[in-house]
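Report on the following structure.
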Amino acid sequence: MKRIGVLTSGGDCSGINATLKAIVEEAYKNNIRVTGFLEGYNGLVNDLAIELTPTQVSGVLQRGGTILMTSRCEEFMQESGFKKALKTLEEEEIEGLIVIGGDGSLRGAKKLAESGIVCVGIPESIDNDIYGTDMALGVDTALNIIIYAIDIIRDTASSHKRAFVIETMGRECGYLALMSAMASGAEAVLIPEVEYDLNSIMNRLKQEHERGRKYSIVIVAEGVKKTQEVTEKLKKEAGFDTRLTILGHIQRGGNPSVFDRTLGMRMGIKSVQSIINKKSSVMGLQGNDIKNVAYDVVFTNKKAFSQMMLDFARLKSR
């Protein structure tokens, strides 16, 4: 094997550059050259290729985002675009491809693998909703950023006797909201996966306020689509001076945590080894090991919360 390719697709997160560094260094250790495709699948369709060397990835480990840049490419999903991508791989003499991305990006990797390309997927999704891996790339950093923000907001909330509603990312998955609520001691949490009783929550918080609680923190996943309503109810029904904070895209960026740096490097090394062994699969952290998880296993199963986490969510949702 002489040359492999790598691209980063979909939403960005922290830890991708550490993964790229590990991929390049592991490849060069095995006398394999690396081609990076810029802007995700768009780079594959339009042959936006650059050479990646150990020198080029030196000093990127601590940086958030992706040095290869990323995008969402509708053209790749069309038959004509997909054929252009296959042609690019042939012309660039790519013998194996590594795709770093979320659900949609990994589905693209699966399609390439089914077309005969040795293709390995590395899961990155701050929602942590990809089956087959305990943690996806970027999740830990996002959670640390959220907790840091909540801790700061709590200082203000307690100083002014206020309630704060804090919205986290998570359109279909409430992982960030639930885990940050557990880790921060939030008084309530709303996530898409668990039914909630908003009136009951307001009554509970009002009673706690009347018994002397000086402030409250309520975490809402964006997919619930009730952030503004919760804020208004806290003002009108629970008697709190209430403020709303939408954390937004700060959750995606920042220097990667130690966990995300090491997870990315481990997955990067394992992905190159899998390419060498011509094993198309998705990298999955299971326990303390990085495993090869078949594409069919990833996409025929749905990741679910543990019973303990569900019980906690229900407790904080009523």
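Quick notes
- Pick from the range 243-258, criterion among the aliphatic types (A, V, I, L, M) and closer than 11 Å to ILE146 by Cα, ranking: least open to solvent (accessible area, probe 1.4 Å): LEU247
- Residue in the range 264-273 that is open to solvent by 10 Å² or more (accessible area, probe 1.4 Å), under 28 Å from LEU190 (Cβ atoms) and not hydroxyl-bearing (Ser, Thr, Tyr) present: no
- Restricting attention to the range 97-126, the residues being in contact with a helix residue (DSSP H, G or I) (Cβ under 6 Å, 6 or more places away or on another chain) and either open to solvent by 30 Å² or more (accessible area, probe 1.4 Å) or at positive phi (or both) number 1.
- Scanning the range 193-207 for residues that are in contact with a Phe, Trp or Tyr (Cβ under 7 Å, 6 or more places away or on another chain) and over 17 Å from ARG314 (Cβ atoms) turns up nothing.
- Residues that are modelled with pLDDT of 95 or more number at least 3 in the following helices (runs of 4 or more DSSP H) confined to the range 57-114: 79-91, 103-114.
- Residue check for GLN78: under 30 Å from HIS249 (Cβ atoms), without any contact (Cβ under 8 Å) to a residue 24 or more places away in the chain and open to solvent by 80 Å² or more (accessible area, probe 1.4 Å): yes
- The set of residues from the range 158-184 being small (Gly, Ala, Ser), over 11 Å from ALA221 (Cβ atoms) and either at pLDDT below 95 or open to solvent by less than 30 Å² (accessible area, probe 1.4 Å) (or both) comprises SER158, SER159, ALA163, SER184.
- The residue that is farthest from MET135 (Cα to Cα), counting only those in the range 285-303 that are in contact (Cβ under 8 Å) with a residue 40 or more places away in the chain and in a loop (DSSP other than H, G, I, E, B), is ASN301.
- Restricting ASP155, ASP134, ASP151, ASP140 to those that are assigned to a loop (DSSP other than H, G, I, E, B), open to solvent by 10 Å² or more (accessible area, probe 1.4 Å) and on the phi < 0 side of the Ramachandran plot reduces the list to ASP134.
- Of the residues making up the range 35-56, those that are out of contact with any Phe, Trp or Tyr (no Cβ under 9 Å at 6 or more places or on another chain), of a type outside the set (Ser, Thr, Tyr), outside any loop (DSSP other than H, G, I, E, B) and buried (at least 18 other Cβ atoms within 10 Å of the Cβ) are GLY36, PHE37, LEU52.
- Residue match in the range 201-210 (condition: surrounded by fewer than 22 Cβ atoms within 10 Å (Cβ to Cβ) and either β-branched (Val, Ile, Thr) or on the phi > 0 side of the Ramachandran plot (or both)): no
- Contact map, the range 213-227: residues that are closer than 19 Å to TYR148 by Cα and of a type in the set (Asp, Glu) paired with residues that are buried (at least 19 other Cβ atoms within 10 Å of the Cβ) and at pLDDT 95 or above, Cβ distance under 9 Å, separation 6+ or inter-chain. Pairs shown: GLU222/GLU167; GLU222/THR168; GLU222/MET169; GLU222/GLY170; GLU222/ALA177.
The values are calculated or read from the model by the stated rules, or taken from the named source; none is laboratory data. As the structure is a computational prediction, the values presented were derived from the model and not from experiment. We place every Cβ from the backbone using ideal geometry, glycine too, and count neighbours over all the protein chains shown. Ligands, DNA and RNA are excluded from the accessible area calculation, which covers all protein heavy atoms including side chains. Shrake-Rupley method; radii C 1.70, N 1.55, O 1.52, S 1.80 Å.
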